[in-house]
Amino acid sequence: MARSIGGRDALRIVLESTYEQCMTALADGQVDLALVAHAYPKINAFYMNPLLEPAIVFRGNTPEYGLATRPDFEFSEELLFSETVVSHPAPVPLLEYHFGRPVRLATANSTSQAARDVADGRYDIAITNAQAVREHNLKFVHRFSHIPMTWTVFSRKVNK
């Protein structure tokens with residue numbers, strides 16, 4: 001989400017734990033724009049919100065996705081089938097495509113939350129993205145790739 005648009009120094013990005021929190025902040029005027037990936041299964045609710053409107057729709061890659069752990073965690077691929085992996089539901093199919101077997105999963109509200117859960121020691125392995133890895137001081141132990149994605153930037157409706 002962006003608080004203001006202008007020069008590079010004027011842009012401030014605010015991360016929330018859920019898209020719903022982003023949209024509440026947008027509707028309340030705490031931010032000016034909110035970015036939502038079309039992979040989010042409840043995006044339709046944001047299109048229906050009478051206070052919001054789509055401002056821009058575009059295609060762009062996500063940050064790189066992968067499996068992340070704390071720097072001190074000794075990872076081996078066999079652990080995927082005995083440990084619980086925490087993830088937002090959207091990138092879970094990456095596991096099947098890359099490893100070909102089901103794994104035990106815990107659900108998080110976002111890939112950032114999954115990374116936070118690993119950083120806090122609640123889980124040892126997360127599917128997350130490069131930005132969350134940096135933010136939570138984790139390390140990638142297996143890299144998937146960027147994900148080609150379409151996105152909507154929402155704004156507050158000008159004429160309600």
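Within the stretch 50-74, the residues that satisfy the criterion of being over 23 Å from the mean Cα position of the chain (by Cα) and either surrounded by 15 or more Cβ atoms within 10 Å (Cβ to Cβ) or not assigned by TED's automatic domain parsing to the domain that holds ILE127 (or both) are PRO50, LEU51.
Return yes or no: is PRO89 within 23 Å of PHE144 (Cβ to Cβ), of a type outside the set (Lys, Arg), touching a residue at least 40 places away in the same chain (Cβ under 8 Å) and assigned by TED's automatic domain parsing to the domain that holds VAL133? When the stated conditions are applied, PRO89 passes them. Taken together, LEU80, LEU35 contain a single residue that is within 21 Å of LEU11 (Cβ to Cβ) and either touching a residue at least 12 places away in the same chain (Cβ under 8 Å) or hydrophobic (A, V, I, L, M, F, W, C) (or both), which is LEU35. Total residues in the stretch 50-62 satisfying the condition of being modelled with pLDDT of 95 or more, within 27 Å of SER87 (Cβ to Cβ) and assigned to a loop (DSSP other than H, G, I, E, B): the figure is 0.
For the subset of the stretch 63-80 comprising residues that are part of a helix (DSSP H, G or I) and touching a strand residue (DSSP E or B) at 6+ places or on another chain (Cβ under 8 Å), which member is nearest to CYS22 (Cα to Cα)? Talk me through it step by step, then tell me what you get.
Initial filter on the stretch 63-80 (part of a helix (DSSP H, G or I)): 77-80.
Within this subset, residues satisfying the condition of being touching a strand residue (DSSP E or B) at 6+ places or on another chain (Cβ under 8 Å) are 77, 79-80.
Working: GLU77: 35, LEU79: 34, LEU80: 32 Å.
So, considering only residues that are part of a helix (DSSP H, G or I) and touching a strand residue (DSSP E or B) at 6+ places or on another chain (Cβ under 8 Å), the one nearest to CYS22 (Cα to Cα) is LEU80.
Total residues in the stretch 92-129 satisfying the condition of being in contact with a strand residue (DSSP E or B) (Cβ under 9 Å, 6 or more places away or on another chain), surrounded by fewer than 17 Cβ atoms within 10 Å (Cβ to Cβ) and either in a loop (DSSP other than H, G, I, E, B) or aliphatic (A, V, I, L, M) (or both): the figure is 4.
The values are calculated or read from the model by the stated rules, or taken from the named source; none is laboratory data. Since the model is a prediction, treat every value here as computed from it, not as a measurement. All Cβ positions, glycine included, derive from the backbone under ideal geometry; neighbour counts span all protein chains shown.
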